[in-house]
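Nothing in this text is a laboratory measurement; each read-out follows from the coordinates by a stated rule. Predicted model only: the values in this text are computed from it and were never measured. Counting neighbours? That spans all protein chains shown, and the Cβs are built from the backbone with ideal geometry, glycine included.
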Amino acid sequence: MNRFTAIVISLVFLFSVAVVGCGPKKEASSLDAIKVAEAMKTVKEKTDYLLAQAQAFYNSKDFQNAIDAAQYVLRNLDKESMTAKNLITKAKEALAAEAQKAVDRVKNSIKVIQ
């Protein structure tokens, strides 16, 4: 049993390293990602790159940069991109959830003071 568990854990680790290492490097901001995309030749390359960047921002909980990159795609490259629209929706929901948690923390701290 222990050997089987070790093998499974090793395989999961190797798979996760391979998946994370395969994508493009996440830029520091959506503006940096847009600058890189602007140098690309085709609209498809730009769109794919920026959507990958938006997903990377989302995955790292950088929701505003995810929204900005996806909105750029919709405004300038592909007005019908469902991937961009879905990313924006998910990122806005995540931002709202973070804001609600902050409000709840403030409310709880006020209760403790009283």
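Quick notes on this structure:
- Out of ASN76, ASN65, sole residue that is at negative phi, in a helix (DSSP H, G or I) and free of Cβ contacts under 8 Å to residues at least 12 places away in the same chain: ASN76
- Sub-6 Å Cβ pairs linking a first residue in segment 95-106 that is of a type in the set (A, V, I, L, M) to a second residue that is surrounded by 10 or more Cβ atoms within 10 Å (Cβ to Cβ), at least 6 apart or interchain, are LEU95/PHE63, ordered by first then second residue.
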